[in-house]
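*Asks:* I am attaching a structure below and will ask some questions about it afterwards.
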Amino acid sequence: MGHVYMPILVLFVLAAAFAVGSVTAAGFTGPKRYNRAKVDAYECGIEATPQPVGTAHFPVKYYLTAMLFIVFDIEIIFLYPWAVTFSKLGFFGLVEMVLFIGTVFVAYAYVWRRGGLQWD
Amino acid sequence: MEKTAVGSLSQLTVGVGAGDMATADMVLNIGPQHPATHGVLRIALTLDGERIVRAQPIIGYMHRGAEKLFEARDYRQILVLANRHDWLSAFSNELGVAMAVERMLGLEVPARAIWARTLLAELNRVLNHLMFLGAYPLEMGAITPIFYAFTEREVLQAVMEEISGGRVHYMFNRIGGLKEDLPAGWLDRVDDAIAAVRRRLPDFDRLIRGNEIFQARTRGVGVLAAETVLAYGASGPVARASGVDFDLRRDEPYLAYAELDVPVVTRSDGDCYARFEVLLDQVAASLGLAGTCAQRLRDLPPGPINVRLPKIVKAPEGETYTWTENPLGINGYYLVSRGERTPWRLKLRTASFSNIQVLGELLPGCLVPDMVAILGSMFFVVGDIDK
Amino acid sequence: MNQLISTSPLSLPSRAPVAATEATVSTFGHDPWWLILGKVVAVFVFLVLITLFLIWAERRIVARMQQRLGPNRTGPFGLGQGLADGIKLALKEEIIPAMADKPVYFIAPIVATIPAFLAFAVIPVGGVVSIFGHVTALQVTDLPVAVLFILACSSFGVYGIVLGGWASGSTYPLLGALRSAAQVISYEVSLALALVPIFLYAGSLSTSEIVAAQNRFWFVFLVPSFVIYMVSAVGETNRAPFDLPEAEGELVGGFHTEYSSLKFALFFLAEYINMTTVSAVATTLFLGGWHAPFLLSRVPVLNSGWFGLVWFTLKLLTVLFGFIWLRGTLPRLRYDQFMRLGWKLLIPASLVWLLLVAAMRTLVVEDVNLRRNLVPVGIVFVVLLLLVSFWPSSKKPDRDGEGEDGHPEIAVGNRAFPVPVLPGEQTDPTLAPREVTRA
C-alpha cells in the first residue's frame, strides 16, 4: 500500500519545487524600483487607514455557521464508509442512516428556525 | 479535513469569552480609485463586518472650476466648457447654455433647429443610458452586457459623428440654432441606427432584467423613498424610479417637447431594480421620440437652421434660469449678465451632484456588495458632481 | 482495505463484467520508478499546459460571446497568450506591502498551488495500457480513499487564499479572505454530500473503480447529485457567479489585491488548476471518466487504453466550457445569498436526495430492479429543486427585524441567534431578550 502513495509524494515534491521556485524567482526576475507609495496597502489611491490586522480585531459574523459546518463535516465522515459498504449492510444500514441523518437534521432545523443561519 | 479551516479563522474571530478583546469598526475608503465609482468619487465607509455603519461621500477630486471659467469666456466659448462636466450628455449640456443666452437675447430659433435639437437631445439620452445599462451589470460581475451596450453606442455615435464631427463632445449647438444643416440622407441613417438599437433591447431584457441573480442583487436594495428624493433634490431616472413623476420635458416643455407626447417612465419601488428598469424603458421611449422628431424634420419645409449673429454677442443686463431634463436629471444654468461679453455669473446646477447626496442616507445598513449595486444605480458622472 | 474494495462487484448487479482494461486499486503500486516519474511529470505538464490553454480559451470564448475577437496576436489564433501573460508577470516588479505579515505572505501562494497539483494524481485519464512493456493504468496512482484525498486537497487550497488575504495587511484582501472562508464552509458540505450516492452505486472511493463501475451507465443519471456537485464546484473554485473573494467590482482584486509578479501568477495558476480538477472529478464521477460516450463504447478499441485519454480530455473541456459560459453570462451573487443557497437549499436537498437513493438502492439490492424508476424520480426532484431555487422571492430582504420566515427575530444583544454578547457589542435594552430570562 505504501507504494500507492509514493507517486503523490513525488508530485508533491515537484509541485513544491515549482511553487517555491516561482516565489523565490519573483524576487530576481523583476525590476526593483523602490517607492514608498508602492509598498503601502492599497486603499484606492489614498493614504491607508490603519487596519485592524494585527492591531485590533475584525468581527467574523458567520462563526456560528462555521461551527455548524464542523457538525456536517463529521456527518460526512460517517457517511462515506457507510456508502461504500452499503450493499453489505442492506436494510439495516438504511435504517441506521435515516436515524443518524434525521438526528442531525433536527439540530439543523432548530438552528435554522432560531435564525442561526443568518449572516451579516 | 476541513475542521482546521475553522481553527484558522479564530485568529480573526473574537471568540466568545475573550472578554478584553474588542472588535474594531473598520474604515474602508471606496475610491478615489475604485472600479465601482467609475471616476474619482470617494466614499469613506465605516464597516462592521461587511455591514456599512456610516458612509460619507467625499467629492471634489475632479473639481475643474467650471463656473469660474465660464466668467472668463464669451458666450460662444462657454458652450465648449459647458458640454464637459457631464461627458455622457454633452449635447444636452450645450443646449442649456444656448437656450439661456437665446432667452436673454430674445432670439427666435428656427423651427428646423428646434426639431433637430430635440432629435439630437434624445439620441444623446439613449447614448447616455446605454452606457449605464452596460456599466451597471458590469459592476455586479456580469461582464457581457457592456459590450452589447457599446456595440449599439457605436451605431449611434457614428450618426452623431457624421453630423457634428465629435464622438463625445459634439459642440453642435450655437447661440441661435445649430452649427450646420443636416447632411443629405442623414435622417435615414438615424432611422437605421434607431432600428438597430431597438433590435438590441430585448437582449438586455433577457440577459439582465430577467436574470434571477440580478434581481436578487437589486430588488429591495437601496430603497429610496419619494420624500428623500424631494428632500435632497434628486431628479431624473433616480427620482422617477421612486415614484416622483416629474419630467421637465412634459411638465415644463422646452424645445419641441410641447408638441410631442413625452412618455414619462416611472416606477414606485425606488430600489436598484426600479432604477434599472426606468433606464431601460426610457431608452425605448427616447428612441420613439427620436423617430418622431426625424419624421417631423423630413416634413418641415426647408429653411435656416441657425440665426446670423453679430461678431460680438452681449447678453443684455439681467438674469435667467434655464433648466433642461438631462439624461441624468435636472440640469440648470442660472445666468446673470451685466451686459458684457462674458457672463457675470453662470451658476451650474447638475443632476449628479444632487443625486449623489442621498448616498449618505442609502448606504448605512447595507452590505458592501449592496453598495456596488447602489452606486451603479445612482447613475452619476463624476465630472457632473465635481464640475 | 482490499476486503472493503472487493465488495464492489456485489453492489452492482447490473454492471457488466469488468473488462480487462479496467483498473482497480490493486493495479497500482507496481510501477517502476521511471514510470512513476514519467507519469508525475506528464500530469504536471498537462496541468500547466491546460492552464495556459484555458487562459486563452476563456478570453477567446468570452470575447466571442461579447462580439469581440479576443487575443489573436501571440502565435496562431493567439494561442501563445497564456504563456505571454506568464512571462510578463515574471518580469514584473515584486511588491511586498510594508504592512504584510511576510512569512505568511510568502507561504500563501505556495499553499494554494501545491494541493491544486496533488488532487489530479488520482484522476484516471485513460485505461490500462502498455508502456515499454509495462502494463499500467493511465493514472498516476489510485487510493482506496481517492475521492476523500481530492476533497482534502481542494479544501486545503483554500488556506492559501485565506492566509494570503489575511497576511497582506490591507482591507480589501482581508474582506476577500473572509468571504473565501465563508464560501468554503457553505459549499464543502454539499459538495461532499453530493458524491455519496455515487459511492452507494460504485461501492468504492477509488476513482478507477468508480470509472469501472460506469462501464455501462454513467452516474450522471443521478441528476440531482450532478447538479448539486456542479453548483458547489463553481462555488469551490471561486468562479463566476460565485467569484466573491475576488469580486473586482467591490473588493478590487479581493484576496490577491496586494500580490504581484509570480506570486500573483501562482494564485492564478491555482485557480485554473482547481477549475480543471473539479471538472476532471465531474468527468470521473459523473460522466463515465475515460469511457467512450454512448454507442461508441460498444467498440472495444475505442473504449480502452490510449483512446480513453481522448474521451477524457473531450469531456473535461466540455465541462470547462460550462465554467467559461457561466462567466460570460451571469452577474455575481451577494455573499449572504450564496451562503443561503448553500445552507438552506443545497445541503437539505442533497441529504433528502441521498436518503431517496439509499432507499432505492436498498430495494435494488434486496430484490427488484428499480433503476429505471429512479430516473423519473430524479427528474422530478431536479425540477422541484430548480423551481425552489429560482422562485422569485416575494419577500423583501429582511431589514426590518423580521426573521427569515416572517417570525420576529429573537434579539439578544444585537444578534438574531441567542449567543453571548460579543465584546464591544452594544446591548440594546429595548430589544427585550425574552429568551434570555429563560437562560
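The values are calculated or read from the model by the stated rules, or taken from the named source; none is laboratory data. These figures come from a predicted structure and were not determined experimentally. When we count neighbours, we look across all protein chains shown, and the Cβ atoms used for this are built from the backbone with ideal geometry, even at glycine.
*Asks:* Being touching a strand residue (DSSP E or B) at 6+ places or on another chain (Cβ under 7 Å) and away from chain B (no Cβ under 14 Å): is that true of C:Trp290 here?
*Replies:* Spelling it out, it is not the case that C:Trp290 is touching a strand residue (DSSP E or B) at 6+ places or on another chain (Cβ under 7 Å) and away from chain B (no Cβ under 14 Å).
*Asks:* Here are B:Asp191, B:Asp181: which of them is part of a helix (DSSP H, G or I) and either more than 22 Å from the chain's Cα centre (by Cα) or closer than 30 Å to B:Ile312 by Cβ (or both)?
*Replies:* Only one candidate qualifies: B:Asp191.
*Asks:* Before we move on, is C:Glu258 charged (D, E, K, R) and in contact with a helix residue (DSSP H, G or I) (Cβ under 7 Å, 6 or more places away or on another chain)? I'd like the intermediate steps shown before the answer.
*Replies:* On the way: charged (D, E, K, R): yes; in contact with a helix residue (DSSP H, G or I) (Cβ under 7 Å, 6 or more places away or on another chain): yes.
Answer is yes for this residue.
Results for (1) surrounded by 18 or more Cβ atoms within 10 Å (Cβ to Cβ); (2) part of a strand (DSSP E or B), shown as yes or no for each residue.
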site: B:Gly39; (1), (2): yes, no
site: B:Ala44; (1), (2): no, yes
site: B:Arg54; (1), (2): no, yes
site: B:Met62; (1), (2): no, no
site: B:Leu69; (1), (2): no, no
site: B:Arg73; (1), (2): no, no
site: B:Gln77; (1), (2): no, no
site: B:Val80; (1), (2): no, no
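*Asks:* Is there any pair linking a residue in segment A:14-41 that is more than 28 Å from C:Val43 (Cα to Cα) and facing chain C (nearest Cβ under 7 Å) to one that is surrounded by 10 or more Cβ atoms within 10 Å (Cβ to Cβ) and aromatic (Phe, Trp, Tyr), with Cβ under 9 Å and at least six apart or on different chains, and which?
*Replies:* Pairs that qualify, where the first residue is more than 28 Å from C:Val43 (Cα to Cα) and facing chain C (nearest Cβ under 7 Å) and the partner is surrounded by 10 or more Cβ atoms within 10 Å (Cβ to Cβ) and aromatic (Phe, Trp, Tyr), are A:Ala41/C:Tyr172.
*Asks:* Identify the single condition in (1) hydrophobic (A, V, I, L, M, F, W, C); (2) surrounded by 24 or more Cβ atoms within 10 Å (Cβ to Cβ); (3) touching a Phe, Trp or Tyr at 6+ places or on another chain (Cβ under 6 Å) that C:Val158 does not satisfy, given that it satisfies every other one.
*Replies:* (3)
*Asks:* Which of the residues belonging to segment B:293-342 are of a type in the set (Gly, Ala, Ser) and either crowded, with 16+ Cβ neighbours inside 10 Å or in contact with a helix residue (DSSP H, G or I) (Cβ under 8 Å, 6 or more places away or on another chain) (or both)?
*Replies:* If the condition is that a residue be of a type in the set (Gly, Ala, Ser) and either crowded, with 16+ Cβ neighbours inside 10 Å or in contact with a helix residue (DSSP H, G or I) (Cβ under 8 Å, 6 or more places away or on another chain) (or both), then B:Ala294, B:Gly303, B:Ala315, B:Gly318, B:Gly329, B:Gly332, B:Ser337 are the ones that fit.
*Asks:* Can you find, within segment C:66-78, the residue that is nearest to the other protein chains (Cβ to nearest Cβ) among those that are of a type outside the set (S, T, N, Q) and surrounded by fewer than 17 Cβ atoms within 10 Å (Cβ to Cβ)?
*Replies:* First pass over segment C:66-78, keeping only residues of a type outside the set (S, T, N, Q): C:68-71, C:73, C:75-78.
Keeping just the survivors that are surrounded by fewer than 17 Cβ atoms within 10 Å (Cβ to Cβ) gives C:68-69, C:73, C:75-77.
Values: C:Arg68: 6, C:Leu69: 12, C:Arg73: 19, C:Gly75: 22, C:Pro76: 25, C:Phe77: 20 Å.
Looking at residues that are of a type outside the set (S, T, N, Q) and surrounded by fewer than 17 Cβ atoms within 10 Å (Cβ to Cβ), I get C:Arg68.
*Asks:* When the residues of segment C:109-144 are narrowed to those that are under 19 Å from C:Trp290 (Cα atoms) and in a helix (DSSP H, G or I), which ends up nearest to the other protein chains (Cβ to nearest Cβ)?
*Replies:* Filtering first and then ranking leaves C:Ala121.
*Asks:* How many residues are outside any loop (DSSP other than H, G, I, E, B) and of a type outside the set (A, V, I, L, M) if we restrict to segment C:44-80?
*Replies:* Residues flagged as outside any loop (DSSP other than H, G, I, E, B) and of a type outside the set (A, V, I, L, M) within segment C:44-80 amount to 12.
*Asks:* Also, quick follow-up: Filter segment B:264-300 for residues that are within 18 Å of the chain's Cα centre (by Cα), of a type outside the set (D, E, K, R) and assigned to a loop (DSSP other than H, G, I, E, B) and give the result.
*Replies:* B:Val264, B:Val265, B:Thr266, B:Gly270
*Asks:* Another question about this same structure. Considering every residue within segment B:108-116, establish whether at least one is more than 14 Å from chain C (Cβ to nearest Cβ), of a type outside the set (A, V, I, L, M, F, W, C) and either touching a strand residue (DSSP E or B) at 6+ places or on another chain (Cβ under 9 Å) or not in a loop (DSSP other than H, G, I, E, B) (or both).
*Replies:* So far as segment B:108-116 goes, yes, one or more of its residues are more than 14 Å from chain C (Cβ to nearest Cβ), of a type outside the set (A, V, I, L, M, F, W, C) and either touching a strand residue (DSSP E or B) at 6+ places or on another chain (Cβ under 9 Å) or not in a loop (DSSP other than H, G, I, E, B) (or both).
*Asks:* Additional query: Answer yes if at least one residue in segment C:221-238 is in a loop (DSSP other than H, G, I, E, B), modelled with pLDDT under 85 and more than 12 Å from the chain's Cα centre (by Cα), and no otherwise.
*Replies:* Within segment C:221-238 (the criterion being in a loop (DSSP other than H, G, I, E, B), modelled with pLDDT under 85 and more than 12 Å from the chain's Cα centre (by Cα)), the answer is yes, since at least one residue qualifies.
*Asks:* Could you tell me whether A:Phe72 is at pLDDT 80 or above, surrounded by 13 or more Cβ atoms within 10 Å (Cβ to Cβ) and more than 7 Å from chain C (Cβ to nearest Cβ)?
*Replies:* Taking the combined requirement at face value, the residue does not satisfy it.
*Asks:* Related question: For residues that are closer than 18 Å to A:Val39 by Cβ and assigned to a helix (DSSP H, G or I), scanning just segment C:89-108, find the one that is nearest to the chain's Cα centre (by Cα).
*Replies:* Across segment C:89-108, the extreme among qualifying residues is C:Ala108.
*Asks:* Which one of B:Ala111, B:Ala82, B:Ala116 is at pLDDT 90 or above and over 30 Å from B:Thr218 (Cα atoms)?
*Replies:* Sole residue among the options that is at pLDDT 90 or above and over 30 Å from B:Thr218 (Cα atoms): B:Ala116.
*Asks:* Now for a separate question. Return yes or no: is C:Leu175 more than 8 Å from chain A (Cβ to nearest Cβ) and out of contact with any strand residue (DSSP E or B) (no Cβ under 7 Å at 6 or more places or on another chain)?
*Replies:* yes
*Asks:* Of C:Ile228, C:Ile198, C:Ile185, which residue is more than 12 Å from every other protein chain (Cβ to nearest Cβ), in contact with a Phe, Trp or Tyr (Cβ under 8 Å, 6 or more places away or on another chain) and farther than 30 Å from C:Leu83 by Cβ?
*Replies:* The match here is C:Ile228.
Matching residues to (1) modelled with pLDDT under 85; (2) surrounded by fewer than 16 Cβ atoms within 10 Å (Cβ to Cβ); (3) among the basic types (Lys, Arg):
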| position | (1), (2), (3) |
| --- | --- |
| C:Ala19 | yes, yes, no |
| C:Val25 | yes, no, no |
| C:Arg59 | no, no, yes |
| C:Ile87 | no, yes, no |
| C:Ala112 | no, no, no |
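*Asks:* May I pose another question? Among the residues that make up segment C:203-216, is at least one of them in contact (Cβ under 8 Å) with a residue 40 or more places away in the chain, crowded, with 24+ Cβ neighbours inside 10 Å, within 17 Å of the chain's Cα centre (by Cα) and under 30 Å from A:Gly90 (Cα atoms)?
*Replies:* yes
*Asks:* Another one. Of the conditions (1) of a type in the set (Gly, Ala, Ser); (2) under 12 Å from C:Pro173 (Cβ atoms); (3) modelled with pLDDT of 85 or more, C:Gly253 satisfies every one except a single condition; which number is it?
*Replies:* For C:Gly253, the exception is condition (3).
*Asks:* Going residue by residue through segment A:43-54, is there one that turns out to be modelled with pLDDT of 80 or more, small (Gly, Ala, Ser) and over 19 Å from C:Ile95 (Cβ atoms)?
*Replies:* Residues of segment A:43-54 modelled with pLDDT of 80 or more: none.
No: zero hits.
*Asks:* If a residue must be assigned to a helix (DSSP H, G or I) and either surrounded by 22 or more Cβ atoms within 10 Å (Cβ to Cβ) or within 14 Å of chain C (Cβ to nearest Cβ) (or both), how many such residues does segment B:160-178 contain?
*Replies:* Final tally of qualifying residues: 2.
*Asks:* When you look at C:Gly378, is it at pLDDT below 80 and part of a helix (DSSP H, G or I), yes or no?
*Replies:* Yes, satisfied.
*Asks:* Give segment A:97-110 a look and list any residue that's in contact (Cβ under 8 Å) with a residue 12 or more places away in the chain and not small (Gly, Ala, Ser), or say none.
*Replies:* Here is the first cut: in segment A:97-110, the ones in contact (Cβ under 8 Å) with a residue 12 or more places away in the chain are A:97, A:100-101, A:104, A:107-108.
Residues satisfying the conditions are A:Met97, A:Phe100, A:Ile101, A:Val104, A:Tyr108.
*Asks:* Taking only pairs six or more apart or across chains, which ones have beta-carbon atoms under 9 Å, a first residue in segment B:199-213 that is within 12 Å of B:Glu152 (Cβ to Cβ), and a second residue that is of a type in the set (S, T, N, Q)?
*Replies:* B:Arg200/B:Thr151
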